[in-house]
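Everything on this sheet refers to the single structure shown next.
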Amino acid sequence: MQFGRTTLSKFVIEHTRGQHSEMGALLIDVAAAVKTISALVGKGALSGYSGVLDSTNVQGEVQKKLDVLTNEALLRHCEWGGQLAGMASEEMDEPYRIPDQYPRGRYLLIFDPLDGSSNSDVNVSVGTIFSILQRETAGDAETADYLQPGDRQIAAGYAIYGPATMLVLTVGSGTHGFTLDRESGNFILTHPDIRVPEDTLEFAINTSNERFWEPPVQRYVAECKAGKTGIRGVDFNMRWIASMVAEVHRILMRGGIFMYPKDNKDPAKPGRLRLMYEANPMAMLIEQAGGAASTGRGRILGQQPESLHQRVPVLLGSKHEVERVERYHHEYDTGADRPFVSPLFAERSLFRSENTNFQ
Ligand code: AFP
């Protein structure tokens with residue numbers, strides 16, 4: 001029985017009273033979109049929407065039918081209420097203009113409608129990630145209005161479509177998890193004030209990219225893999241789901257470190273993940289839960305975006321491990337991790353590989 005339990009609606013109304021009361025209504029619309037997407041994704045192959053389209057998105061990635069449908073779900077659920085000055089999404093080259101028949105507001109909604117969508121055909125957890133910013137005045141937003149650092153987000157969250165559908169949210173006062181009760185259709189507060197443990201023995205990274213990483217990341221992962229036999233003196237475990245929402249959710253539940261670092265696989269891209277609708281909202285959720293989120297060389301939330309779809313290196317999770325990887329970047333950048341320099345054989349270092357050209 002759900003009597004007396006806190007629903008998402010009650011939570012957002014209570015937590016957005018005053019300055020951001022209009023945002024409460026927007027969050028309730030986002031939750032309605034999430035329920036629609038949960039039902040769609042939950043049908044699996046029965047929906048008839050598996051597979052890819054002929055189109056690509058702005059990043060040149062092949063779009064899946066579900067990418068486009070879930071994008072539509074968010075646009076339709078959120079465009080009408082009068083809280084928004086515009087929306088931007090991974091699936092749209094340019095920001096979305098609110099149709100003329102609807103009133104405008106001051107908030108900006110940015111989202112990745114179906115993160116990890118390449119996992120949807122294999123029945124692995126996927127998610128929706130969103131971020132809310134605001135502009136000074138109501139009216140139609142320009143691209144420049146969206147280009148704000150992540151520490152100006154008013155709210156951020158994700159939905160995870162797994163065995164249970166959950167919505168994890170921050171409005172700037174902690175990170176809170178709600179589970180969808182499929183019988184009543186309500187999101188119920190089941191994980192209030194989530195805390196990420198400061199220490200962990202679990203790391204997540206796509207090790208098939210190892211040869212493309214920078215030396216500080218190679219150093220960190222080599223030490224984790226060495227386990228008890230290396231300088232860490234303790235065994236680590238590794239996970240990789242290839243669905244950021246699922247990785248971040250695991251870290252919020254039990255700690256860990258997630259890394260999609262800078263690499264030189266494609267020099268035009270400083271990382272794989274997108275700053276505005278993947279890294280920033282996840283960084284806010286993690287920091288609000290007591291964890292850390294870094295590019296390796298600075299706080300993710302401090303990055304000034306230059307374009308809507310820009311990419312960024314991401315290291316996030318248990319604070320002490322993120323700080324360690326940041327320290328390794330600093331030691332690499334200042335030359336402190338280069339133990340042996342031979343005048344005869346030029347530079348040699350355990351952590352310097354021949355194919356890197358990062359400096
Ligand atoms: P898709 O949405 O294209 O499946 O990408 C998912 C993602 O952006 C993120 O959720 C994963 O952490 C990452 O990419 C996985 O990347 P790899 O394919 O390199 O493992």
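The values are calculated or read from the model by the stated rules, or taken from the named source; none is laboratory data. Remember, it's a predicted structure, so these values are computed and weren't measured experimentally. All Cβ positions, even for glycine, are placed from backbone atoms using ideal geometry, and neighbour counts span all protein chains on display.
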Return yes when A156 is within 16 Å of the ligand (Cβ to nearest atom) and either assigned to a strand (DSSP E or B) or at pLDDT below 95 (or both) and no when it is not. yes
Looking across segment 37-52 at residues that are buried (at least 17 other Cβ atoms within 10 Å of the Cβ) and among the β-branched types (V, I, T), the single one that is nearest to I132 (Cα to Cα) is I37
Got at least one residue in segment 29-46 being of a type in the set (A, V, I, L, M, F, W, C), part of a loop (DSSP other than H, G, I, E, B) and within 23 Å of H249 (Cβ to Cβ)? no
If you check L316 against the conditions, is it part of a strand (DSSP E or B) and within 16 Å of the ligand (Cβ to nearest atom)? yes
Tally, over segment 306-326, of residues that are of a type in the set (S, T, Y) and within 25 Å of P95 (Cβ to Cβ): 1
Could you pull out the residue among V245, V221 that is touching a residue at least 40 places away in the same chain (Cβ under 8 Å), buried (at least 16 other Cβ atoms within 10 Å of the Cβ) and either within 16 Å of the ligand (Cβ to nearest atom) or under 20 Å from K319 (Cα atoms) (or both)? V245
Single residue of Y260, Y328 found to be closer than 22 Å to P216 by Cβ, more than 16 Å from the ligand (Cβ to nearest atom) and not aliphatic (A, V, I, L, M): Y328
Quick one: K265 ticks every box in (1) under 24 Å from G162 (Cβ atoms); (2) within 16 Å of the ligand (Cβ to nearest atom); (3) loosely packed, with under 15 Cβ neighbours inside 10 Å bar one, so which box is it? (1)
Could you check how many residues of segment 106-152 are part of a helix (DSSP H, G or I) and in contact with a strand residue (DSSP E or B) (Cβ under 9 Å, 6 or more places away or on another chain)? 11
From the set of residues in segment 196-216 that are of a type in the set (A, V, I, L, M) and away from the ligand (no atom under 14 Å from the Cβ), which is surrounded by the fewest Cβ atoms within 10 Å (Cβ to Cβ)? L201
